[in-house]
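The structure appears right after this line, and notes come after that.
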């Protein structure tokens, strides 16, 4: 399922500039950050830091590894990206300009499927309300085996002894 973008009041660059300016010690918006931000928001996909570094290099962009890691952390803090911890892997997902959603992660091929569920959202709101809890957000990752990996496993011949 591919999620459609939603209307936002600012571009990702404007939102990030605002975040940098509002910090206790305001920071400048660098050319490397601009390159990285444009690359990340050119398409909606999940990615990990090393994959982003390789993609930037292949696109002829000169962004240092340290800048990539620092900027990804700032983009998460600014509310533009969401960090999803998957055991030893960390992937990033757009959190700005896309509707709230959750993920199904295949433990074999590492594919990620996005999904939305009104029923799940209502249940989470009910649980929070019952506990007098004001949620700021959530990240739900359901781990398992995707349909393609299940089909491949079922298609393998079994040894008979």
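Here is how the numbers come out for the structure above:
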{"quantity": "Test: residue in the range 86-98 that is without any contact (Cβ under 8 Å) to a residue 24 or more places away in the chain, more than 13 Å from the chain's Cα centre (by Cα) and either surrounded by 10 or more Cβ atoms within 10 Å (Cβ to Cβ) or over 20 Å from residue 47 (Cβ atoms) (or both)", "calculated": "no"}
{"quantity": "Unique residue being more than 25 Å from residue 106 (Cα to Cα) and crowded, with 18+ Cβ neighbours inside 10 Å when the list is 10, 33", "calculated": "33"}
{"quantity": "Which numbered condition residue 153 fails, given (1) part of a helix (DSSP H, G or I); (2) more than 17 Å from residue 45 (Cβ to Cβ); (3) at pLDDT 90 or above", "calculated": "(3)"}
{"quantity": "Qualifying residue in the range 115-136 (condition: under 30 Å from residue 20 (Cα atoms) and touching a residue at least 40 places away in the same chain (Cβ under 8 Å))", "calculated": "no"}
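The values are calculated or read from the model by the stated rules, or taken from the named source; none is laboratory data. Source: prediction; values computed, not measured. Please note: Cβ atoms are built from the backbone with ideal geometry, for glycine as well, and neighbour counts cover all protein chains shown.
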